[in-house]
1. Report the FRET efficiency, 1/(1 + (r/R0)^6), for Phe59 and Ser345, where r is their Cβ-Cβ distance and R0 is 30 Å, rounded to 0.05.
2. Given a 1.4 Å probe, how much area per residue of region 592-664 is accessible, in Å²?
3. Take the solvent-accessible surface of the protein heavy atoms, probe 1.4 Å, and return the percent of it on region 191-246 that carbon and sulfur atoms account for.
4. Separation between the Ala654 and Thr529 pseudo-spin-labels, each 7 Å from Cα along Cα→Cβ, expressed in nm?
5. Rounded to the nearest 0.05, what FRET efficiency do Ser624 and Ile236 have when you use their Cβ-Cβ distance and R0 = 60 Å?
6. Which loop chymotrypsin sites (Phe, Trp or Tyr not before Pro) in region 156-216, with loop taken from DSSP, have no more than 13 other Cβ atoms within 10 angstrom of their Cβ?
7. What share of Cα pairs, in percent, lie more than 17 angstrom apart in region 328-395?
8. Within the set Lys183/Lys305; Lys144/Lys245; Lys149/Lys305; Lys196/Lys305, which residue pairs have Cα atoms separated by over 32 Å?
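The values are calculated or read from the model by the stated rules, or taken from the named source; none is laboratory data. The model shown is predicted, which means the values in this text are computed figures rather than measured ones. When we count neighbours, we look across all protein chains shown, and the Cβ atoms used for this are built from the backbone with ideal geometry, even at glycine. Side chains are part of the model used for accessible areas, which takes the heavy atoms of the whole protein and leaves out ligands, DNA and RNA. Shrake-Rupley method; radii C 1.70, N 1.55, O 1.52, S 1.80 Å.
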Amino acid sequence: MRSLAIPPMTIGSGSSSGSDDDEEVLFRDIGPGRVQEDLAKQWSAGDSMALYRIGGWGFPFYSINGDGNLCVNPSGSGSGGASIELRAVIDRVLAASSGNISPPLIIRFPELLGARLRELQSAFQGAIHALGYNNRFQGVFPVKCNPDKLLVEEIVAAGKPFAFGLEAGSKPELLLTMSAMCKAHPDAFLICNGYKDAEYVQLALLARSLGMDCIIVLEQLDEVDLVIEMSQRLGIEPAIGVRSKLHTKHGGHWGETCGEGGKFGLSAPEIVEVARRLRRQGMLDCLELVHFHVGSQIPCLSVVKDSVSEAAFLYCELALMGAGMRILDIGGGLGIDYDGSASASSDMSVGYTVPEYASAVVAAIDAACTMKKVDAPVVCCESGRGLVSHHSVLVFDVYSATRVPKAKSSEQEELLGMVQELEFCEWGELDLPLGQLCEMVRAKSYGVAAEYARNARSEASRLFKSGLVSLELRAGLERLYELLVASSMRQAPATYHMNLSMFKAIPDNWALGQLFPIVPLQRLNEEPTVRAILSDLTCDSDGRITSFVCGGGGGGGDTERPSPSLPVHELEEDDGVRAGGRARPYYLGLFLGGAYQEALSSMHNLFGVMHVVHVASDGGGGFSVTREIPGQSIASVLRSAQHDPGGMFDSLRARVIGSLAAGRFHGEREARVALQILAKTFSSYTYLHTIASTTTTTTSDVVE
């Protein structure tokens, strides 16, 4: 007798694909009453931790406390650190601002930036010590990743003990970094990447005159002549690097533009030509750095090892040619685990830790330098995603929900009847606890029941080929499975309408299909009984999120495959937004979006920059809100699109006066109210006012 296992309980899950001829269907034994126990089990914070895979993508910074609230530990020091409830932060900000700051908003934890930087530094120092590497590590932060002023300043301050520097890729970024580097360690690197004109090169050379260790990285062959000309004209000796087009590359949407066909960098013949031109000018000793970049979010260490090894041998050869080599810049690429799966084969994850990454880098460089008998270089990396992704949380609220019709009660009765009919079949070698299947149908867990029936159908098909089950049983299981699949499909996800523009907040999700963990911030000690997709405020049909990080969490299932819906709770006030706002708001948090999303965001539908608050722990479990930066008003957003809010208001005021004269208002009082409403709207937030504490304009309010 073979006992079939019930697959992991996945709330409202749909059917799974599978082959009827699969000869190796795996089952595990279950005891009597297992389903009843699972259905009656009280939901816990640990269940939510597993469901949303928080331990995979968020450790050691994010967790759930006993009250079911999502918490952040900015220091990343585990259970000994301060744990701050995100919901408490939101409540304090709303109360203190009297409704002037409301969701959506970005909460930054500057301490977390320092924790990530120290983790990176410690990993490389540990690898250098363990391997006996005869030089040091000095990283830089690429400001293109997130050019926010306070963020850059925090990185410079946290990195000062380690001579941690900055990287620029344009003239505005170079001015930004030069200013910020005035407070950096004097030995910190300022790496200049990107296409360059004479003005860019002048700025970089000026940085050297200001005492900054600024290295101009050549991206195109002609740039070497420009650097030579400008350095001779200004009388400033440059520090020069070359960006190499390595043969090594990785797959996925972040690796498509690297390798031999990449947008930036010099081929091997071009690098040799650079060295020759510098030698002719007596400037070969100015060539000090080799740089490469094989793509962001490198998933596996094999790509890291291959690319670093290739670049290390290039570095050694240039040193042997007489160049003044001292730095090997491995670029970006240090990935983060967006989906919590620790997979080396996914664009959304990485199959290594930060210490393993550092060890692979240092070992590859050390091996090449030892073989070529060249002094080991300073190791530099341009990690942006790995440094800043965790430090901020995008908080938004749900303002309404759209439900789908539930399965008919007659459908449930039909399913129960089909299960009971199977009791009279000849089961042969197949063992199927029908009582447990009935419990699933009664609970309307049709997706789980369909998966269970699929396994039974597949096993029955296998046994039928050997004459071990009857045709009647096989046919009955197939009919049951088909109806369960149809029923589970009718349990389509609800739509939760979020007070957010995904084009503004998370452009990588729309453009690249990038996953970001999204988790309710409260009620996480309650079972989320609704499966939902998230729809944004924009007028575009593709302004929605339909792929989520959730599922097995180590408890079974495919932890790499995204879920088509998000487990959420029933809204306690789900009949839409009222004039006074939702009495009990339901908050969701989007995590790991601290890199690139703000820099890449659009002005689609004129949804503007969101409010930002900075939070610091007090070391004892409490916190303080150290900064509140208001988001853009409607007038500000209109100005950014070349509109004149003052002129627009004048036009509308003239129209109000004309309408008053035409008798469209019942007197001057109503016309005055209309003007005040217009004026107030120009100064309001671009997003919806959905929180009860948020002020809402009414006629009586304006008149008073």
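1. Once the sixth-power term is evaluated, E becomes 0.90.
2. 52 Å²
3. 46 percent
4. For Ala654 paired with Thr529, the spin-label model returns 5.9 nm.
5. My answer for the efficiency is 0.85.
6. In loop regions of region 156-216 (DSSP not H, G, I, E or B), the sparsely surrounded chymotrypsin sites (Phe, Trp or Tyr not before Pro) are Tyr195.
7. I get 53 percent for the Cα pairs in region 328-395 exceeding 17 Å.
8. Pairs exceeding 32 Å: Lys183/Lys305; Lys149/Lys305.
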